[in-house]
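Comments concern the structure below.
The values are calculated or read from the model by the stated rules, or taken from the named source; none is laboratory data. Quick caveat, the model's predicted, so the values are computed rather than measured. When we count neighbours, we look across all protein chains shown, and the Cβ atoms used for this are built from the backbone with ideal geometry, even at glycine.
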Amino acid sequence: MPSVNFDEVSKYISLPDDARELLEKPERELRVTMSLRLDAALMQTDVYVVYYNTARGPAKGGIRFWPTVTMDHTIELAEKMVWKTALVGIPFGGGKSGIKLDATKFTRMQKTSILKEYVHVLRPDLMSGRYVPAPDMGTGGADMAVIFGETHLAESVTGKPPRVGGLPGRLEATGRGLSTCVRAGARQFLGCELDGLKVAIQGFGNVGSWCSHFVDGYGAKVVAVSDISGGLHADSGLDVQKLIDWAASGKLLADYPEYDKISNADLLGMKVDILVPAATENVLTAESASAVAARIIVEGANGPTTAEADAVFNDRGIPVLPDILANSGGVIASYVEWRQAKSGALTSREETFETVDELVLAAFDRVNGFAESKGTTPRVAARCLSVEEVVKSMSDRGWV
Ligand code: NAD
């Protein structure tokens, strides 16, 4: 089942039956039993590769190297990439890969062998540019460098380390785009700048910590943050940089010696101006949504709000800026890296941020313009704009 409710979307945009039929299922699903010898042992594992829709360009989406990946979840994640890339207007479709293994159980050399075999399986698609992978859970820059080492094509993969054709600012890009969305959300829905506004951020990994860094810089008061171990609260504002250094040294927030200790549930229900769920999916349920006391929600994680929670927020008049808009900074930076690789030009960190800000803000304006004119939520507006864009591209290509 696609995550987008096409019946709902059809109330606002034209969605011809043939286009809907194409969008209801992935364009391509590939399941491969990958077999290789690691040291002395023979190992077999499932690899899932999905190109959900490529009307707008190559399938773009990360490689999840995780023991619980399934084909169904890989399809869901690939679908989300279709809407995200379409919404911000970058020339990609949506894809995803899953390698059903626990990345932490392998040595660097073993992981390299697995990735080389993955490239072997997908070589024609990687060399032709049909699919452009990136890091996801369980993979990082060093793994993308292995893929580059196999293809010798810088544009065949993004999320590479900056010294190996990667992009300055890629690491920070999702948090950067998210903070830009937080700032734009305050202007749009609260009619003010971020100065002094209280922000609570769930999740203090890549996305949450960089978002806290940037919103702190924009003058907001980050009053609560959390990770899997629990959270910290200070009504006068946390020293974000100290907490980032703490987390970067591999320590948990629950062990931090200062500030009030809170649970993740406390954080979600905190009386703040802006709540940023930036940890994981389905944390805002019907129950936790009723306790939310924030004035705006900006989704940093993928799918943090269940459909039931969304209905609660809608009834309570709390605007939710959806993931496909708010966390699109990472894929925008991937686009800049791909463009840099194709042109051979160099890009500075500031230019990366400029492009992220520009595309996120343009999409933000389109989403809010649509939501206001049609009297719907930002989430429905974002879905409508994305679907409309993909349908038009499929029509341009003669697919429908
Ligand atoms: P990460 O692994 O770097 O950090 C995750 C953080 O969330 C950690 O602090 C972890 O302790 C915390 N966490 C995990 N489960 C939790 C729970 N149940 N309750 C509270 N805290 C919990 O991951 P990340 O890269 O920051 O990604 C976070 C989310 O953003 C994910 O949903 C991811 O799919 C999404 N996302 C990430 C990027 C990116 O560029 N990294 C881009 C788009 C979307």
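In table form, for the structure just shown:
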read-out: Residue match in region 222-241 (condition: on the phi < 0 side of the Ramachandran plot, in contact (Cβ under 8 Å) with a residue 24 or more places away in the chain and in a helix (DSSP H, G or I)); value: yes
read-out: Residues of region 189-216 satisfying the condition of being away from the ligand (no atom under 14 Å from the Cβ) and not in a helix (DSSP H, G or I); value: GLY191, CYS192, GLU193, LEU194, ASP195, GLY196, LEU197, LYS198, VAL199
read-out: Any pair with Cβ under 8 angstrom, 6 or more apart, that starts in region 310-335 at a residue that is buried (at least 24 other Cβ atoms within 10 Å of the Cβ) and modelled with pLDDT of 95 or more and ends at one that is of a type in the set (Phe, Trp, Tyr) and in a helix (DSSP H, G or I); value: VAL320/PHE313; LEU321/PHE364; ILE324/TRP83; LEU325/PHE364
read-out: Qualifying positions in region 242-270 - without any contact (Cβ under 8 Å) to a residue 40 or more places away in the chain and out of contact with any Ser or Thr (no Cβ under 9 Å at 6 or more places or on another chain); value: LYS242, ASP245, TRP246, SER249, GLY250, LYS251, TYR256, PRO257, GLU258, TYR259, ASP260, LYS261
read-out: The one condition in (1) farther than 17 Å from THR352 by Cα; (2) not assigned by TED's automatic domain parsing to the domain that holds THR377 that GLY159 fails to fulfil; value: (1)
read-out: Among residues of region 310-336, those that are more than 15 Å from the ligand (Cβ to nearest atom), in a helix (DSSP H, G or I) and either of a type in the set (A, V, I, L, M) or not assigned by TED's automatic domain parsing to the domain that holds VAL356 (or both), counted; value: 2
read-out: Tally of residues being exposed (fewer than 14 other Cβ atoms within 10 Å of the Cβ) and either in contact with a helix residue (DSSP H, G or I) (Cβ under 9 Å, 6 or more places away or on another chain) or touching a residue at least 40 places away in the same chain (Cβ under 8 Å) (or both) across region 338-349; value: 5
read-out: Tally, over region 217-247, of residues that are within 11 Å of the ligand (Cβ to nearest atom) and small (Gly, Ala, Ser); value: 5
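For every residue, the table says whether it meets (1) assigned to a helix (DSSP H, G or I); (2) out of contact with any strand residue (DSSP E or B) (no Cβ under 9 Å at 6 or more places or on another chain).
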{"position": "PRO67", "(1), (2)": "no, yes"}
{"position": "LYS80", "(1), (2)": "yes, no"}
{"position": "LYS84", "(1), (2)": "yes, no"}
{"position": "LEU87", "(1), (2)": "yes, yes"}
{"position": "THR112", "(1), (2)": "yes, yes"}
{"position": "LEU115", "(1), (2)": "yes, no"}
{"position": "ARG123", "(1), (2)": "yes, yes"}
